[in-house]
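One structure is given here, and the rest of the page talks about it.
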Amino acid sequence: MDGSRWEAAADRMREAVHALLGVLEPEQVRALRAGPDRLDAPELREWTYLPGSRPGLATDCLDARGREAVDAVLAAAHGAAGAELARGAIEVERYRRASAGATGGDRYWVRLLGDPEGDAPWAWRMNGHHLAVHVLITSTGLRVTPHFIGAEPARIADGPQAGRRLLGPEEDLARELVTRLDDGRRATAVFATAPPDDILTRDDPFADPGLLPAGLTHGDMTPREQQTLERLVRRYLDRAPEAYARQCWADTVAQGLDALSFAWAGGREPGERHYYCVRAPDFLIEYDNTQDNGNHAHSVWRHIRHDWGADLLRAHYTDQHR
């Protein structure tokens, strides 16, 4: 990872976390810091994108300064596209709750694990309905997966946000790709006429790429189709801070783009229920828009080696015990 760029991203997150700590009451800091001593504790791999309470500091109990500080921490963990998506997930959730007549503030939970100062690994995460961000930082790099963004509705029908499609680019690029394929290649890419009801890896602590269909490989696509698949992958990687997104893409290129594959299920027309996934040697991407008659979208980026910062933590603990 580009050292100077990674350090800049880590510094931004460290500064944002310090600012958050500076506006919290002591009992709120205790809630924020709830968690095991070791960052590789199995319980820290428990997560969900469904509604419901989580461990940590609840954002609906914060005043305006606290909410602003949490927003800054969330933005610091992303590139420009990722920050827009994370912020958008919260805004779409506000619309959903208002449409259902719910009252109260945003319901998300933030946890700080470890000490942002010094050389020891530290982490933070923000979880709630349709938003799951997990960040780990060590002296040698940062990790940001599992990363989940959802939108219910996928397309807002009315009000000030009418027409908004938070995950529109993620859907449109994939549809462009599957529509462009000729009959033979489409027969390989499309694995079912009826899409699954949700992402196949769900909220598994460890993502299993074997759950995903094989699909059509990058090497079996035309140059134009290959470019569309690459744009789709980059759209997901660009959720991360720039240095890490560049590293992930460089690793993918180094392993050979022909190892990428794309699979689709469901209808190809806008508004029809559908699902797609992308497999790579190191990561997987899933997207579904199947619930609520195709107006409820999920998207997730998982890294086989990097989820939860497992590779960085392993290196750190191994070095400690030499």
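For this structure, a couple of remarks:
- Selection count where residues are part of a loop (DSSP other than H, G, I, E, B), surrounded by 16 or more Cβ atoms within 10 Å (Cβ to Cβ) and small (G, A, S), scope the range 49-60: 1
- The range 201-221, subset under 23 Å from R54 (Cβ atoms) and of a type outside the set (D, E, K, R), residue surrounded by the most Cβ atoms within 10 Å (Cβ to Cβ): A207
- Restricting attention to the range 171-200 and to residues that are β-branched (V, I, T) and surrounded by fewer than 19 Cβ atoms within 10 Å (Cβ to Cβ), the residue that is nearest to V253 (Cα to Cα) turns out to be T188.
- Counted residues, the range 222-243 - those being among the β-branched types (V, I, T) and open to solvent by 10 Å² or more (accessible area, probe 1.4 Å): 1
- Within the range 1-35, the set of residues being outside any helix (DSSP H, G or I), touching a residue at least 60 places away in the same chain (Cβ under 8 Å) and over 20 Å from the mean Cα position of the chain (by Cα) comprises D2, R33, A34, G35.
- Restricting the range 61-110 to residues that are within 14 Å of the chain's Cα centre (by Cα) and among the charged types (D, E, K, R) leaves a set whose member that is surrounded by the most Cβ atoms within 10 Å (Cβ to Cβ) is R87.
- Tally, over the range 20-48, of residues that are among the small types (G, A, S), under 19 Å from A76 (Cα atoms) and surrounded by 17 or more Cβ atoms within 10 Å (Cβ to Cβ): 0
- For the range 244-283, the set of residues classified as part of a helix (DSSP H, G or I), surrounded by fewer than 17 Cβ atoms within 10 Å (Cβ to Cβ), small (G, A, S) and in contact (Cβ under 8 Å) with a residue 12 or more places away in the chain consists of A259 only.
- Applying the set (1) over 22 Å from P42 (Cβ atoms); (2) in a loop (DSSP other than H, G, I, E, B) to R305 leaves exactly one unmet item: (1).
- Residue within the range 218-231 that is of a type in the set (G, A, S) and touching a Pro at 6+ places or on another chain (Cβ under 6 Å) present: no
- Checked against (1) in contact with a Phe, Trp or Tyr (Cβ under 8 Å, 6 or more places away or on another chain); (2) open to solvent by less than 10 Å² (accessible area, probe 1.4 Å), L313 meets all criteria but (1).
- Pairs where the first residue, in the range 51-80, is on the phi > 0 side of the Ramachandran plot and touching a residue at least 24 places away in the same chain (Cβ under 8 Å) and the second is in a helix (DSSP H, G or I) and hydrophobic (A, V, I, L, M, F, W, C), C-beta under 7 Å, 6+ apart: G56/A31; G56/L32
- Residues satisfying the stated conditions in the range 130-161, i.e. open to solvent by 20 Å² or more (accessible area, probe 1.4 Å) and in contact with a Lys or Arg (Cβ under 9 Å, 6 or more places away or on another chain): E152, P153, R155
- Cross-chain or 6+ apart pairs with Cβ under 7 Å, the range 207-227 first and over 17 Å from P146 (Cβ atoms), then in a loop (DSSP other than H, G, I, E, B): T217/L260; H218/L260; E225/L181
The values are calculated or read from the model by the stated rules, or taken from the named source; none is laboratory data. Note that this is a predicted model, so its numbers are computed, not measured. Cβ sites come from the backbone with ideal geometry, for glycine too, and all protein chains shown count toward neighbours. Heavy atoms of the whole protein, side chains included, go into the accessibility calculation; ligands, DNA and RNA do not. Shrake-Rupley method; radii C 1.70, N 1.55, O 1.52, S 1.80 Å.
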